[in-house]
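Beneath this line is the structure, given in structure tokens, with notes to follow.
The values are calculated or read from the model by the stated rules, or taken from the named source; none is laboratory data. Keep in mind that what you see is a predicted model, and the values were worked out from it rather than measured. Backbone-built Cβ (ideal geometry, glycine too); neighbour counts: all protein chains shown. The protein model used for the area step is the full one, side chains on, heavy atoms only, and it has no ligands, DNA or RNA in it. Shrake-Rupley method; radii C 1.70, N 1.55, O 1.52, S 1.80 Å.
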Amino acid sequence: MKLFFNRFFILLKRSMRQPVNLAMLVILLTLAVIYRQVPSSEKTLYMPVALLCEDSDPVMQKTVDDLIHANSIFHFYTVDSREQMYEDISSGAANSGFVIPAEFTKNALSTDTKTPIEVYTTQASMLPSLSRDEVFSHFIRYYALEIAVFQIKESQAYSGEAMQSRLPEILENLHEIYERFINSSDIFRVEDASGGVYNELTREEKVDIPVRKLAGLFILVAGLIGIATYLKDSEERLYMRLRGSERYVMRLLHIVSCILPMSIITWPVLWITEGGNGLILLGQVALYTLMCTVYAYLFSMILRTSAIYQKVLPILLTMAIIFGGVLFDISSFDNTFKIVSMCLPTYYF
């Protein structure tokens, strides 16, 4: 056992002197320093909302026009068809969409028939419930009075001849009271602390550097380098005296000696760049390190000669770079490419 420990420390020193391993360590540390020094930038979240209005009622048209010109974080715009709305939402051009049916106004005043507004969202839609509240607030502004007037006209309390003669006066007073109430700054007062117009939503973001995916790629590459060193030493007959089980242990030591320094550096780098719970990050790095170790070990059992390994290694590295999430967003891949990506450990980190 002491022999294997001594050999492990020798391999560890050897891996630290390899130019590729040193370069990857320096790159990770440099990215962490850059990420820490670069200030956060504000990113405006533009959230367009598509409106398809099939109701030609004047009250509805005024409501839609009010939504389009509203001082809101949502930017409402009209479309001419459901197909256009579906296309805008599915492509990301619209955050969400609302379809106002043809007889909405007519049925909104009745308790017998309901024609609900259709709301369309996707998993990528931001603040969908808030956009519904925005639409509802504008609808209630214009339709609350219409509903009240309709109910008064239909009420049996106003069915008498005397009350019918007074109905125009009552409704006119109701209009005045409602307008005074809805526009009163004493009742609804919006204080603007920023001194600007509240028509956009911003959030602070750091420079988008795929540090995690890059660290995952480097840990995998370190494991592949460990395989190469083992195959080279094995072909130079350095382990002739070792038995079969001892050779398996030596194979594992080669892989671990290359992966371990990269994993140790990855944990503080992710802590600096991502923040959060350090113990959770440590657990994630440990699990991924174990995954890459098993992956590299199984790979070394298949490719037993350095000649074959050197031919396959460039292909594997190219796949890891392309499908590992460093250059491209994995979520944007189609199903075929996702399956290829899932065959690599970097997909899970």
Q: Compute the separation of the alpha-carbon centres of the range 282-335 and the range 3-27 and state it in Å as a whole number.
A: 20 Å
Q: Provide the three semi-axes, in whole Å and in decreasing order, of the ellipsoid equivalent to the range 59-131 as defined by the square roots of 5 times the Cα gyration tensor eigenvalues.
A: 23, 15, 12
Q.
Need one value: the accessible area of I100 in square angstrom, 1.4 angstrom probe, rounded to the nearest 10.
A. 0 Å²
**Q.** At 0.890 mPa s and 25 °C, Stokes diffusion of the range 236-338 via Kirkwood alpha-carbon radius, µm² per second
**A.** 150 µm²/s
Q. Roughly how many nanometres apart are two label points built 7 Å out from the Cα toward the Cβ at L327 and V340?
A. 1.1 nm
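What ranking do 5-13, 90-98 get when scored by the average of other Cβ atoms within 10 Å per residue, highest first?
Final packing ranking: 90-98, 5-13.
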Q. Taking a threshold of 21 Å on the Cα-Cα distance, which of the pairs K13/K232; K213/K311; K213/K338; K62/K106 fall above it?
A. K213/K311
Q: Order these peptides, 309-318, 69-78, 250-259, 329-338, by their mean beta-carbon neighbour count within 10 angstrom, highest first.
A: 250-259, 69-78, 309-318, 329-338
**Q.** Separation of the Q284 and R17 label points, Cα + 7 Å toward Cβ, nm
**A.** 3.6 nm
Q. What ³J(HN,Hα) values, in whole Hz, does the Karplus curve 6.51 cos²θ - 1.76 cosθ + 1.60 give for the range 334-342 when θ = phi - 60°, with x put for Gly and Pro?
A. 7, 4, 5, 5, 5, 5, 4, 5, 5
Q) If amide H atoms are built 1.01 Å from N in the plane of the peptide, which residues on other chains or at least 5 residues away come under 5 Å of the amide H of H75? A) M47, V49
Q.
Taking θ = phi - 60°, what integer Hz values does the Karplus form 6.51 cos²θ - 1.76 cosθ + 1.60 yield along the range 311-321, in sequence order, with x for Gly and Pro?
A. 7, 7, 4, x, 5, 5, 5, 4, 5, 5, 6
